[in-house]
Amino acid sequence: MRLAAAGDEVVLGSRDAERAAGVAAGLVEAWPDHTLAITGASNEDCASTDLVVMATPWDGAVATIKPLADVLAGKVVVSMANALVKEGREFLALMPPRGSVAAMVQAALPRSLVSASFHHLPASEMEKLTTPMAADVLVCSDHPEASEATVALVDRIAGLRGINAGSMSQAAAIEAFTAVLITVNIRHKVHAAVQLSGFPDA
């Protein structure tokens, strides 16, 4: 939603292309005052775009992405999944194989340039285009070009600032902290995001 509002052309992928088209049409219809270039397609067609964001539940990420390895070869793939489980009023971080979901995706896509990002943003607020956003978005990858492309993607969204947080080894801590942030939001009934102090003004 936010990328389309910023002027990007967005394609939603699904195993069912008709379902994806229906979801895309519903998003466009929900915001008639905005010009949103959002369409739906099959996962295979979606994977042929310039940059791919994997926005599936964490436990289905590898199964969804692995069959697309050939078409995703050489492309930047952004993983935003968090391995979490809810226990009472808290969310707890799980330790997936390889330490993070992003590392699992990279292992499943050895010829792709995988980055990890977008973990700490409140999803319910992101889809409300009238709600101002103010957050720093951490990006990590073992591929400098993937980090650069992902930071640029983040920076295109009003109110967000992409910050290169280092190599893929940082993804485990970044993903796990999401459990803390969601728990704080539930406990205090807020939609807090991450903002880092100490950076010079843009």
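Report for the chain the percent antiparallel among DSSP-assigned beta bridges with both residues inside it, nearest 5. It would help to have the intermediate numbers written out before the result.
On the way: 6 of 24 bridges.
Beta bridges within the chain, antiparallel portion: roughly 25 percent.
Using a cut-off of 11 Å between beta-carbons, work out the net charge of the residues near ILE186 (Lys and Arg +1, Asp and Glu -1, ILE186 not included).
So the environment of ILE186 carries a net charge of +3.
Could you calculate the contour length gain from GLU90 to ASP33, that is, 0.36 nm times the residue separation minus the distance between their Cα atoms, to one decimal place in nm?
Stretched fully, the GLU90-ASP33 segment lengthens by 16.8 nm.
Between ASP50 and ALA107, what FRET efficiency comes out of the Förster formula 1/(1 + (r/R0)^6) with R0 = 25 Å and r the beta carbon distance, rounded to 0.05?
0.60
Dipole of the chain (Lys/Arg Cβ +1, Asp/Glu Cβ -1, origin at the Cα centre): which of MET133, LEU113, THR39 lies farthest to the positive side?
The residue sitting farthest along the positive end of the dipole is MET133.
Take every Cα pair under 8 Å in segment 119-177 that's 6+ residues apart, average their separations, divide by the length, and report that relative contact order as a whole percent.
Reported as a whole number, the value is 36 percent.
Ordered by residue, what ³J(HN,Hα) values in Hz, to whole numbers, does segment 57-69 give under the Karplus form 6.51 cos²θ - 1.76 cosθ + 1.60, where θ = phi - 60° and Gly and Pro are x?
x, 4, 6, x, 5, 5, 4, 6, 8, 4, x, 9, 4
Quick one: what are the phi-derived ³J(HN,Hα) couplings along segment 142-157, Karplus 6.51/-1.76/1.60 with θ = phi - 60°, whole Hz, x for glycine and proline?
With the stated coefficients, segment 142-157 comes to 8, 10, x, 5, 6, 4, 5, 5, 6, 4, 5, 4, 4, 5, 6, 8 Hz.
Work from the charge dipole of the chain (Cβ charges, +1 for Lys and Arg, -1 for Asp and Glu, about the Cα centre) and give the residue of VAL10, VAL151, ALA102 farthest towards its positive end.
ALA102
Report, in deg cm²/dmol and to the nearest 500, the calculated mean residue ellipticity at 222 nm for the chain, where each DSSP H run with n ≥ 4 adds -39500 (n - 2.57) and the sum is divided by the residue count.
Computed mean residue ellipticity for the chain: -9500 deg cm²/dmol.
Determine which lysines satisfy two conditions relative to LYS189: a Cα distance under 29 Å, and not lying fewer than 8 residues away in the same chain.
LYS86, LYS128
Report the percentage of all Cα-Cα pairs in segment 50-188 whose separation exceeds 24 Å, rounded to a whole percent.
27
All of the numbers you see were taken from the coordinates with simple rules; none came from a lab. These figures come from a predicted structure and were not determined experimentally. Counting neighbours? That spans all protein chains shown, and the Cβs are built from the backbone with ideal geometry, glycine included.
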